[in-house]
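A short write-up of the structure that comes next.
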Amino acid sequence: MKLSIGEVSKIFNISKETLRYYDKIGILKPEVNSQNGYRYYLFKHLEKLSLILGIKLLGISLADIKQTIGSEDLNEYKNLVSKQEEILKIKKKELEHLEYNLNKSKKILNTVTNFKNDYKFENLKISNQNYSLYALDMKKLLSSNICPIGTMSLEKELSYLNEEINDTYIYLYNIIENTNVYENENLLFIKENPKNIEILKKYLNNEDISSIKIDIHEKCVSVNFYGTTKQINEYILSLNKYFNCPKNNMAYVKYEFYLPKKTDDVMYFVNINLNVSI
């Protein structure tokens, strides 16, 4: 059986240019008729092409594939299979992460669609909050020697993990003289849990971890709100005034969802925890 480049292109649904490139780099060289220079593919080429495309689909480079096939060494194939296995694990985790985010987004959208902001502050309940947070100053970490290369990896790992355990980053809002609200954009907080600590230990030593730990023991009002940044700030100020809190106070805010707009007035769905301890 002899197949032309066009026929192979149709069978595997790849372009002729791709096949010519494979020929050029030597990873898949067709037979050549010495009399007329006509190139054609045999069944053995189809088997090899199936192998190449299957491995390439996993993100392994053509250079690695060529080296493995060219070596004709079982150990090289074994190493390639191990690499495929690792890539599959990563891709599986990414797909699970994507699926989780989609399900989470659906739930939040259902909540936001039927949500109305509560301005009847007398209905809000005060509860005792006892938990620990870890404050990550991302700007400071990036400019320090604590984990100069791994800071972004740290943030990504924690982001993935906190989504898995149905939690999010927490941001600090400082209330100034009951007139302004200032968000510290460099600081983000994560709640204490065994998995978070395990990740932190990969990047920070015990002394550094202890230095960023904050124990929370206070009375709080927890309430959801949907609005722009300006409206969120105004709502926090109104809460602080209603509960006769100190003029200089703080609130911890979790961002659950945001709705992009053509204007700068992006809408956010957040959870606000205001310290009402007096």
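The values are calculated or read from the model by the stated rules, or taken from the named source; none is laboratory data. It should be emphasised that the depicted structure is a prediction, and the values quoted were computed from it without experimental measurement. Heads up, the Cβs are rebuilt from the backbone with ideal geometry, glycines too, and the neighbour counts pull from every protein chain shown.
Starting from the stretch 71-86, keep only residues that are outside the structural domain of G59 (by the TED database) and among the hydrophobic types (A, V, I, L, M, F, W, C), then list their pairs with residues that are surrounded by 12 or more Cβ atoms within 10 Å (Cβ to Cβ) and at pLDDT 80 or above whose Cβ atoms are within a distance under 6 Å, requiring at least 6 positions of separation or different chains.
Listed by first residue and then by second, the contacts come to L80/T68.
Do you know which of the residues in the stretch 200-233 that are under 21 Å from K125 (Cβ atoms) and of a type in the set (A, V, I, L, M) is surrounded by the fewest Cβ atoms within 10 Å (Cβ to Cβ)?
Kept after step one, since they are under 21 Å from K125 (Cβ atoms), are these residues of the stretch 200-233: 216-226, 232.
Still in the list and also of a type in the set (A, V, I, L, M): 216, 221, 223, 232.
Working: I216: 16, V221: 21, V223: 19, I232: 22.
My answer is I216.
For residues in the stretch 239-269 being of a type in the set (V, I, T) and free of Cβ contacts under 8 Å to residues at least 40 places away in the same chain, which is surrounded by the most Cβ atoms within 10 Å (Cβ to Cβ)? Explain how you work it out, then say what you get.
Step one: of the stretch 239-269, the residues of a type in the set (V, I, T) are 253, 263, 266.
Subsequent filtering for residues that are free of Cβ contacts under 8 Å to residues at least 40 places away in the same chain retains 263, 266.
On the way: T263: 7, V266: 12.
The qualifying residue surrounded by the most Cβ atoms within 10 Å (Cβ to Cβ) is V266.
Does Y21 meet the test of being of a type in the set (S, T, Y) and touching a residue at least 24 places away in the same chain (Cβ under 8 Å)? Outline the logic, then answer.
On the way: of a type in the set (S, T, Y): yes; touching a residue at least 24 places away in the same chain (Cβ under 8 Å): no.
So Y21 fails the test.
Scan the stretch 168-212 residue by residue and report those that are in contact (Cβ under 8 Å) with a residue 60 or more places away in the chain and within 20 Å of the chain's Cα centre (by Cα).
Correct list: T168, Y169, I170, Y171, F189, K191, E192, N196, L200.
Going by the structure shown, is I55 under 28 Å from the mean Cα position of the chain (by Cα) and under 30 Å from E256 (Cα atoms)?
On the way: under 28 Å from the mean Cα position of the chain (by Cα): yes; under 30 Å from E256 (Cα atoms): no.
So I55 fails the test.
Only residues that are at pLDDT below 85 and either among the hydrophobic types (A, V, I, L, M, F, W, C) or surrounded by 15 or more Cβ atoms within 10 Å (Cβ to Cβ) (or both): list them for the stretch 22-67, please.
Correct list: I55, L57, L58, I60.
Of the residues I236, I272, I190, I197, which is buried (at least 19 other Cβ atoms within 10 Å of the Cβ) and part of a helix (DSSP H, G or I)? I'd like the intermediate steps shown before the answer.
Values: I272 fails: part of a helix (DSSP H, G or I); I190 fails: part of a helix (DSSP H, G or I); I197 fails: buried (at least 19 other Cβ atoms within 10 Å of the Cβ).
It is I236.
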